[in-house]
Each structure stands twice: as C-alpha cells, then as structure tokens.
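Engineer: Structure provided below as structure tokens; questions to follow.
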Amino acid sequence: MINKKMKDETVKEQLSAGAKDKLYHFLLHRGAIRGGIVHSTRMINQMRANHEIGILETVALGHALMGGALIASDLKGNDRIRLEIECSGPIKGLVVEANAFGDVRGFLKQVPIPVEKPLDSFDLSSFFGAGFLSITRFLEDDKAPFTGNVMLQYGNIAQDLAHYFLHSEQVPASFNLSIQFDSGGNVTGAGGLFLQTMPGAGETTVAEIEALIRQLPSLGAVFSDGTDPVQFIRDVFKAHAPEFLASRRIEFLCPCGQDFFRAILAHMPADELADMISTDPFPLELRCQYCNTPYYFSKNDLQHIYERRHHMSEGYVDKSLMTGTPDDI
C-alpha cells in the first residue's frame, strides 16, 4: 500500500496524529461490562485520502472501519475479521477487514454514492436500503472461518452492529460511531465506542450504563476538541470504576504490494496473458480495491511473466514467481 498525501500535513503532524490513534480495552463495574474505545482521526483521514472520496462516502466507510476495529479488539495472533454489507440502496455495500495488530482496511462497492438531492443530515438509512450485514471471523486455531449474518434493520452501522451481536451472537452490545467535519468538510475528529454485557451482569448496572450511553456526546466532536479517550471513559463511567487493560495502535493499512499483483498475473492462464500483451494499453494498471493503490506493469514485465507462465503450463514451475499468492492478502 502507498499512503496518499493528506493536504497541508507536515511529517511532524503526521507522526503526532498517528500516535493518537489507538484502541483502548477496558472493563466496567468489576468486569460486568467489557468495552473498547477507539481514537481514529488519522485512520479516517488516511482512508479518505487513499480512496479520494467525499463527505458522504467518508461517513459510510469510516463508521464501518471503526466498527470493524472495535469488533477486532479481542483478537489475538493472526486472527482477523471481515465485516460486509450487501444492500439494495445507492451505497450497494461495503467490505472492511481488521486484524489483531490494529490494521484496518476497506472499500465501498459504489463510489461515488449517487445523491439525488442535498443532504440535510448524515442519516444513511435511505442509502443502505434493504440488505444483510455479515461478520466472518478467521481464527488461527479454528479449522474454518465462521460467518454470522443478519438483515439490516436500521441503515445505521452502529445500530445494525448492535443488532447483529444481539441476534447472531446472543450478546447484548452497544456501538457509538462518529466523525466530525469542520466547515470546509475536513475530518477533525473520529472515534468509536463498543460496550458488551458479560454473563452475570446485574440488571441495575446494565440499566445505569444504558442511561449513560444515551447521554453520550458525539465522539468525533469530543476528539476534535483534543479530549483524551482514557480520561473520557473515566469521566463518563466513573461510578462504574473503569479498569483499563491494554491499548493498541490503529491504522488504515493494507498489505498489498507489487509482488502480490505480480503473483495474481502469474496465476493467470498463459493464453489470457498473451491476449493482454497483444491488446492491452501499457503500462497495465492494477488497483487494490481495499486501499485504492495503483500498481503498474510494463509490456516487458508482462512478457516476462508470460514466458515463465508458459513454461509452467508445460510442466516447469518457477518458484520465484510464486512467492505470495492471492490468498495471502
């Protein structure tokens, strides 16, 4: 992945913004509630710069990225999750992947999102329409991935994620996802909160925390003002003795690269490669849909891949071409 430059940002500002992007794990009321809060202003800005998208697209994909990061907060090792929405509305759907290291990537299935009239709010329900939300967990110790899905009920990613946890995983949960823009349409703050009721949590405790959740301000606005996430949780939930467990950095990051796309070409049938060499314009551009990074191949590059691929079709395998397959990403 190649990070596209965000306008008017110095290297020092990049490092400062990146250092603030973290996901914090915590417990409330002696472990009755498990939680996570993510400060992700830099992540959302980098995603927006890479995908070159507007405000509406940033809200839709940004909320999903933060939701995916929060869902992945309990992963370990090489575990990862995939969040996908397929819908009938103008958004068409989206895909987000997040792993245990804090790497998050994703894309919208329709860019730009068609808009028939000026927006008067960020209510995206009409842009989603009917559809399904699914979450797939790729766990290192499991033989096969597990996928759960629910029908979209709200057209609001935070509410639909809570609906998913309640009905697909039978766990009461709450999500708060927010992005703050300034008058020029620039992202100045972005953050998300995830709370999950643990077995044995008392009804009174749950009711008190639900009341606090309903009063929460926009996390985008909170982080736009420079508020520290840890202090925010301590202030809001001080009656429930917040206990912070760990933190991890969060970043819009995709493992794609030139070698990955070279491997894709190397797996193509030799006759298709030959047709591309004779008919396609060069340089050939292949673009990663997850991060919108373009990779270019010259005619000589393709000719070289074709010659090796042709040898493979005759029984000769050149292992130097097969490092990194499409399943590795």
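The values are calculated or read from the model by the stated rules, or taken from the named source; none is laboratory data. Bear in mind the structure is a predicted one, so any value in this text is a computation, not a measurement. Virtual Cβ from ideal backbone geometry, glycine too; neighbours counted across all protein chains shown. These accessible areas exclude ligands, DNA and RNA; they are computed on the full protein's heavy atoms, side chains included. Shrake-Rupley method; radii C 1.70, N 1.55, O 1.52, S 1.80 Å.
Engineer: Looking only at region 191-205, which residues are assigned to a loop (DSSP other than H, G, I, E, B) and either in contact (Cβ under 8 Å) with a residue 60 or more places away in the chain or of a type in the set (Val, Ile, Thr) (or both)? Talk me through it step by step, then tell me what you get.
Structural biologist: At the first step, the residues of region 191-205 found to be assigned to a loop (DSSP other than H, G, I, E, B) are 198-202.
Selection gives 198, 200, 201, 202.
Engineer: Continuing with this model, one more query. Tally time: how many residues in region 206-223 are outside any helix (DSSP H, G or I), of a type outside the set (S, T, N, Q) and touching a residue at least 12 places away in the same chain (Cβ under 8 Å)? If you could, list the steps in order and put the result at the bottom.
Structural biologist: Within region 206-223, the first condition is being outside any helix (DSSP H, G or I), and the residues that meet it are 215-218.
From what's left, of a type outside the set (S, T, N, Q): 216-217.
Checking the rest, the ones that are also touching a residue at least 12 places away in the same chain (Cβ under 8 Å) come to 216.
Summing the residues that are outside any helix (DSSP H, G or I), of a type outside the set (S, T, N, Q) and touching a residue at least 12 places away in the same chain (Cβ under 8 Å) in region 206-223 gives 1.
Engineer: Would you kindly identify the strands (runs of 3 or more DSSP E) lying entirely within region 118-190 that contain at least 2 residues that are open to solvent by 60 Å² or more (accessible area, probe 1.4 Å)? Reasoning before the result, please.
Structural biologist: On the way: elements: 131-138, 146-151, 173-181.
Fully inside region 118-190 and qualifying: 146-151.
Engineer: A further question on this structure: Looking at residue 311, is it open to solvent by 70 Å² or more (accessible area, probe 1.4 Å), modelled with pLDDT under 90 and under 33 Å from the mean Cα position of the chain (by Cα)? I'd like the intermediate steps shown before the answer.
Structural biologist: On the way: open to solvent by 70 Å² or more (accessible area, probe 1.4 Å): yes; modelled with pLDDT under 90: yes; under 33 Å from the mean Cα position of the chain (by Cα): no.
So residue 311 does not fit the description; no.
Engineer: Something else: Please return the ranges of helices (runs of 4 or more DSSP H) entirely within region 1-114 where 3 or more residues are at pLDDT 95 or above, open to solvent by less than 30 Å² (accessible area, probe 1.4 Å) and in contact with a helix residue (DSSP H, G or I) (Cβ under 9 Å, 6 or more places away or on another chain). Write out each step before concluding.
Structural biologist: Values: elements: 11-20, 41-51, 55-71.
Here the list reads 41-51, 55-71.
Engineer: Moving on to the next point. Give the residues of region 191-201 that are among the aliphatic types (A, V, I, L, M) and surrounded by fewer than 20 Cβ atoms within 10 Å (Cβ to Cβ), sorted by residue number. Steps first, answer last, please.
Structural biologist: Here is the first cut: in region 191-201, the ones among the aliphatic types (A, V, I, L, M) are 193, 195, 198, 201.
Listed by number, the residues that qualify are 198, 201.
Engineer: Which is in contact with a His (Cβ under 8 Å, 6 or more places away or on another chain) and of a type outside the set (S, T, N, Q), of 124, 139, 108?
Structural biologist: Working: 124 fails: in contact with a His (Cβ under 8 Å, 6 or more places away or on another chain); 139 fails: in contact with a His (Cβ under 8 Å, 6 or more places away or on another chain).
Sole residue among the options that is in contact with a His (Cβ under 8 Å, 6 or more places away or on another chain) and of a type outside the set (S, T, N, Q): 108.
Engineer: Quick one: is residue 204 under 25 Å from residue 241 (Cα atoms), polar (S, T, N, Q) and open to solvent by 30 Å² or more (accessible area, probe 1.4 Å)?
Structural biologist: Details: under 25 Å from residue 241 (Cα atoms): yes; polar (S, T, N, Q): yes; open to solvent by 30 Å² or more (accessible area, probe 1.4 Å): yes.
In short, yes.
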